[in-house]
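Here is the structure we will look at.
The values are calculated or read from the model by the stated rules, or taken from the named source; none is laboratory data. This structure is a prediction, so every number in the text was calculated from the model and none was measured. Don't worry about glycine lacking a Cβ; one is built from the backbone with ideal geometry, like all the others, and counts go over all protein chains shown. For the accessible areas, the whole protein counts, side chains as well, though only heavy atoms, and no ligand, DNA or RNA atoms are used. Shrake-Rupley method; radii C 1.70, N 1.55, O 1.52, S 1.80 Å.
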Amino acid sequence: MLSPGVPVTSKILYGGDYNPEQWPRDVWEADYAAFGKAAIDTVTLGVFAWSYLQPDEETYDFDRLDAIVQRAVDGGKQVVLATATGAMPPWLAHRYPEVCRTDFEGRRHVYGQRHNHCPSSPAFRRLSVALAERIAERYAGTPGLVAWHVGNEYGGACYCNLCAAGFRDWLRARYGTLERLNDAWNATFWSHLFTDWEQVVPPNALSEHWRGPDHTAFQGITLDYLRFMSEAMLANYRDEKAAIRRHDPATPVTTNFMGLFRPIDYHRWAADLDFASWDNYPPGPREHARMALAHDLMRGLKDGQPFWVMEQTPTITASRDVNPVKRPGVLRLWSWQAVAHGADAVLYFQMRQSKGACEKYHGAVLDHAGRTDTRAFREVATLGAELGALGGAVLGARTPARVALLFDWDSWWAAEITDGFNRHVKYPAVVLGYYRALWQAGAQVDVVPVTADLSRYDVVVAPALHVVKGDVAARLEDVVARGGSVLASFWSGRVDEDDNAFLADVPGPLAPLLGLRVEETDSAAPGVVNPVTLRVPDAGGAGGSEQVDPDPVVSDAELVFEVVVPQGAEVVGTYGAEFYAGTPAVTRHRPHGGDGGEAWYVATGLDDTGLAWVVRHLLGRHGLVGPYAAYDDVELAVRERPGADGGVERTAFVLNHRLDAVDVPAHAAGVDLLTGRRVAAGETLHLEPTDVVVLRED
């Protein structure tokens, strides 16, 4: 039997997290009337229902959830049903105190918050599975049940004795012998040779404390504990999914991820999700490139398969120091951006504002008064009508990307827990800088793990590939050998999978591809600039459109300045200051001569101008600069799926993220699916701020 995938629906699903247990039943009726006005077709139920479903260990009470589910069924809604384990009830922590987490400082917590359980706790694992099984047994086959939702926003860490024992078991399975463990952790340093597994303890403030949870004295131990904790929570998810599968073999199962989220290696989780879903809460109002990166990362978890936006806010969040409201049109724009990047569902947290606790002011479809004449509700309803009119036109479509960007949690963790470089450098910021340059150039991008098949890509971008594991170096060399382009950055090729430095010139296994060695790595505080002058020395574009630069470009580089010695690579950019002024800062290597491709290396933290220059040279060589690249913040995203005539249906999304209106020439002929307007190729598209065109190309 084939495993379930993305839920089969007839349109983009629209709705969100609904908690009617918080209100009397007469409010439910008003809510469902409002949902009808907004074309809401999907409700996520029971995410935080554990305490009322199971008031004590021996008692289950499903009367309230029965009524909640039945009202959704009677209303013709699609139902996403949770296992209710997103937060544990007070009685569980009172009866089994060991279920509460122990923090990095060694303090056992008492009951509170919601990310509060120890993933290694036998009591939690037993009782969460029992609840998931009861729910699955009772509600499998419910009309409209479209997906199961396990847990909620997994994250955090625990350092208790149960986790210490689990860590030792995990290490035995990973390394097999203490000899291999000691080698992986370079345990001869500081007399750390372990002679018994019981000597291993978690790297916390009482053991390997160095400078906090992210900078303990032995990076190998810390890296492995990050891996262990991610997989301990994955075991919790697997437990509940297995309980569901005993009663429902077909309905897809997921949990909601959080985009660029450090504690959990989503690539290691991907195979256990039937489809990916995530919660989109960008940290600021001008985060369109970051959101696009997160969407593409979520899509890449399942090899390009569509994903869901499980949560977004209609108005404000409630967790930031400053919580600005979404400006008019932004909710619609950001929702269409999600669809453009592969979302088959656009859902909210929350459907109605809670009357109390920490999220009582978090945005919702319905405010505390339940009004349907607010600006927020009108915008929700407008978007609902548009999604309804779109129907299934882009369901299941895929992005025809020829550019891959590698994203690697091991490199994220290893680069940021290391000592000796620059703690102001953050892996997500480095990756986002390169992605933003690709996004602004209009490239269609797949964000993929280092294990991905790279054979279908013309350009592969690998920023801060600190950890080189498996055969990734050979596969990057294959890209260049067949004429493609590879772009790597500073800090790449430094360590192996155990976080031990390669006993070779930097960048280790990547050196033959890049044609250089890194002799020294300089660092500076934020704001200290070293100007880098960029100029391609010749046209030689292997049949592409590269041109000689009439004038050099100067980029203000910051934070990292590697001193590079070319070993076959040609110099593209040079430093303008410090003792290494005039030496290479950016290089290009053609290891196969004119018949092959190129490998570029950026040895410093170029600013946006410099990154854009480098990226457009690579894309230009392959004809991959997009048609709207000259218009800042005008995004083009393309989706394709098989057509009824055996061809390909191609739908293009043109989104204006600018703060002002802009006129752009249409890149292709087709019909705008939102307005029915026919558009000719080259015809002027007038885009007001937040405008969206969904063009079914001819």
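What number goes with the only condition from (1) surrounded by fewer than 22 Cβ atoms within 10 Å (Cβ to Cβ); (2) part of a helix (DSSP H, G or I) that Gly682 does not pass?
For Gly682, the failing item is (2).
One line per residue, one yes/no per condition, for (1) free of Cβ contacts under 8 Å to residues at least 40 places away in the same chain; (2) under 15 Å from Ile135 (Cα atoms):
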{"site": "Lys37", "(1), (2)": "no, no"}
{"site": "Ile40", "(1), (2)": "no, no"}
{"site": "Leu45", "(1), (2)": "yes, yes"}
{"site": "Gln54", "(1), (2)": "no, yes"}
{"site": "Tyr60", "(1), (2)": "no, yes"}
{"site": "Arg64", "(1), (2)": "no, yes"}
{"site": "Ile68", "(1), (2)": "no, yes"}
{"site": "Val73", "(1), (2)": "no, no"}
{"site": "Gln78", "(1), (2)": "no, no"}
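Report whether or not Ala318 is in a loop (DSSP other than H, G, I, E, B), at pLDDT below 95 and over 24 Å from Val8 (Cβ atoms).
Working: in a loop (DSSP other than H, G, I, E, B): yes; at pLDDT below 95: yes; over 24 Å from Val8 (Cβ atoms): yes.
In short, yes.
Name the residue, out of Ala276, Ala250, Ala243, Ala232, that is among the aliphatic types (A, V, I, L, M), within 18 Å of Pro449 (Cβ to Cβ) and either over 18 Å from the mean Cα position of the chain (by Cα) or at pLDDT 95 or above (or both).
After applying the criteria, what remains is Ala276.
Of all residues in the range 466-483, how many are outside any helix (DSSP H, G or I) and on the phi < 0 side of the Ramachandran plot?
As a first pass, look at the range 466-483 and keep what is outside any helix (DSSP H, G or I): 466-471, 482-483.
Of the ones still in play, those that are also on the phi < 0 side of the Ramachandran plot are 466-469, 471, 482.
The qualifying residues number 6.
Can you tell me how many residues in the range 113-132 are under 23 Å from Asp61 (Cα atoms) and open to solvent by less than 50 Å² (accessible area, probe 1.4 Å)?
Matching residues across the range 113-132 total 9.
Kindly provide the set of residues from the range 652-679 that are not charged (D, E, K, R) and not in a strand (DSSP E or B), ordered by number.
His657, Leu659, Ala661, Ala666, His667, Ala668, Ala669, Leu673, Leu674, Thr675, Gly676
Can you confirm whether the range 610-618 contains a residue that is at pLDDT 95 or above and in a strand (DSSP E or B)? Show your work before the answer.
Keep residues of the range 610-618 that are at pLDDT 95 or above, which gives 610-618.
Narrowing the set further to residues that are in a strand (DSSP E or B) leaves none.
Within the range 610-618, none of the residues are at pLDDT 95 or above and in a strand (DSSP E or B).
Across the range 626-651, what is the total count of residues that are of a type in the set (Asp, Glu) and assigned to a loop (DSSP other than H, G, I, E, B)? Show your work before the answer.
As a first pass, look at the range 626-651 and keep what is of a type in the set (Asp, Glu): 632-633, 635, 640, 645, 649.
After this cut, where a residue has to be assigned to a loop (DSSP other than H, G, I, E, B) as well, the list is 632-633, 645.
Qualifying residue count, the range 626-651: 3.
Please go through the range 79-105 and give me each residue that is assigned to a helix (DSSP H, G or I) and not charged (D, E, K, R), ordered by number.
Pro90, Trp91, Leu92, Ala93, His94, Pro97, Val99
Looking only at the range 354-374, decide whether some residue is of a type outside the set (Val, Ile, Thr) and touching a Leu at 6+ places or on another chain (Cβ under 8 Å). Spell out how you get there, then give the answer.
First, pick out the residues of the range 354-374 that are of a type outside the set (Val, Ile, Thr): 354-364, 366-371, 373.
Still in the running and touching a Leu at 6+ places or on another chain (Cβ under 8 Å): none.
Within the range 354-374, not a single residue is of a type outside the set (Val, Ile, Thr) and touching a Leu at 6+ places or on another chain (Cβ under 8 Å).
Step by step: first the residues of the range 1-43, then only those that are under 19 Å from Ala376 (Cβ atoms) and of a type in the set (Ser, Thr, Tyr), then the one that is most open to solvent (accessible area, probe 1.4 Å). Which residue is that?
Among them, the one singled out is Tyr32.
Could you list all residues from the range 44-60 that are surrounded by fewer than 18 Cβ atoms within 10 Å (Cβ to Cβ) and either touching a Cys at 6+ places or on another chain (Cβ under 7 Å) or not in a loop (DSSP other than H, G, I, E, B) (or both)?
Ser51, Tyr52, Asp56, Thr59
Go through the residues of the range 160-172 one by one and say whether even a single one is among the acidic types (Asp, Glu) and within 26 Å of the chain's Cα centre (by Cα).
Looking through the range 160-172, none of the residues is among the acidic types (Asp, Glu) and within 26 Å of the chain's Cα centre (by Cα).
Residue by residue, here is whether (1) in contact with a helix residue (DSSP H, G or I) (Cβ under 7 Å, 6 or more places away or on another chain); (2) of a type outside the set (Asp, Glu); (3) surrounded by fewer than 22 Cβ atoms within 10 Å (Cβ to Cβ) holds:
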site	(1), (2), (3)
Glu208	yes, no, yes
Asp214	yes, no, yes
Phe218	no, yes, yes
Leu223	yes, yes, no
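I'm told Thr418 meets every condition in (1) within 18 Å of the chain's Cα centre (by Cα); (2) among the hydroxyl-bearing types (Ser, Thr, Tyr); (3) open to solvent by 10 Å² or more (accessible area, probe 1.4 Å) except one. Can you identify the failing condition by its number?
Evaluating Thr418 over (1) within 18 Å of the chain's Cα centre (by Cα); (2) among the hydroxyl-bearing types (Ser, Thr, Tyr); (3) open to solvent by 10 Å² or more (accessible area, probe 1.4 Å) leaves (1) as the failure.
From the residues in the range 61-74 that are open to solvent by 30 Å² or more (accessible area, probe 1.4 Å) and more than 27 Å from Ala123 (Cα to Cα), which one is nearest to the chain's Cα centre (by Cα)?
The extreme case among them is Val73.
Tell me, which residue of the range 180-206 that is among the polar types (S, T, N, Q) and surrounded by 16 or more Cβ atoms within 10 Å (Cβ to Cβ) is modelled with the lowest pLDDT?
Asn204
Among the listed residues Arg456, Arg423, which satisfies the condition of being more than 21 Å from the chain's Cα centre (by Cα), under 24 Å from Ala292 (Cβ atoms) and part of a loop (DSSP other than H, G, I, E, B)?
On the way: Arg423 fails: under 24 Å from Ala292 (Cβ atoms).
When all the criteria are applied, what remains is Arg456.
Could you say which residue among Thr374, Thr382, Thr451 is farther than 26 Å from Arg639 by Cβ and either touching a strand residue (DSSP E or B) at 6+ places or on another chain (Cβ under 6 Å) or at pLDDT 95 or above (or both)?
Thr374
Here is a list of conditions, (1) assigned to a loop (DSSP other than H, G, I, E, B); (2) within 26 Å of the chain's Cα centre (by Cα), and Tyr111 meets all of them except one; can you say which number that is?
Every listed condition holds for Tyr111 apart from (2).
How many residues are free of Cβ contacts under 8 Å to residues at least 40 places away in the same chain and open to solvent by 10 Å² or more (accessible area, probe 1.4 Å) when one looks only at the range 94-109?
Result for the range 94-109: 6.
If the Cβ limit is 7 Å and pairs must be 6+ apart or interchain, which residue in the range 561-579 that is in contact (Cβ under 8 Å) with a residue 60 or more places away in the chain pairs with which residue that is open to solvent by less than 30 Å² (accessible area, probe 1.4 Å)?
Note: pairs meeting the criteria are Glu562/Phe490; Glu562/Val518; Glu562/Ala603; Glu562/Thr604.
Can you find a residue in the range 370-391 that is within 23 Å of Ala557 (Cα to Cα), part of a helix (DSSP H, G or I) and in contact with a Ser or Thr (Cβ under 8 Å, 6 or more places away or on another chain)?
So far as the range 370-391 goes, no, none of its residues is within 23 Å of Ala557 (Cα to Cα), part of a helix (DSSP H, G or I) and in contact with a Ser or Thr (Cβ under 8 Å, 6 or more places away or on another chain).
Are there any pairs, at least 6 apart or on different chains, whose C-beta atoms fall under 7 Å, with the first in the range 633-646 and touching a residue at least 12 places away in the same chain (Cβ under 8 Å) and the second among the aromatic types (Phe, Trp, Tyr) and in a loop (DSSP other than H, G, I, E, B), and if so, which?
As it stands, the answer is Val634/Tyr628; Leu636/Tyr628, since those pairs meet every condition given.
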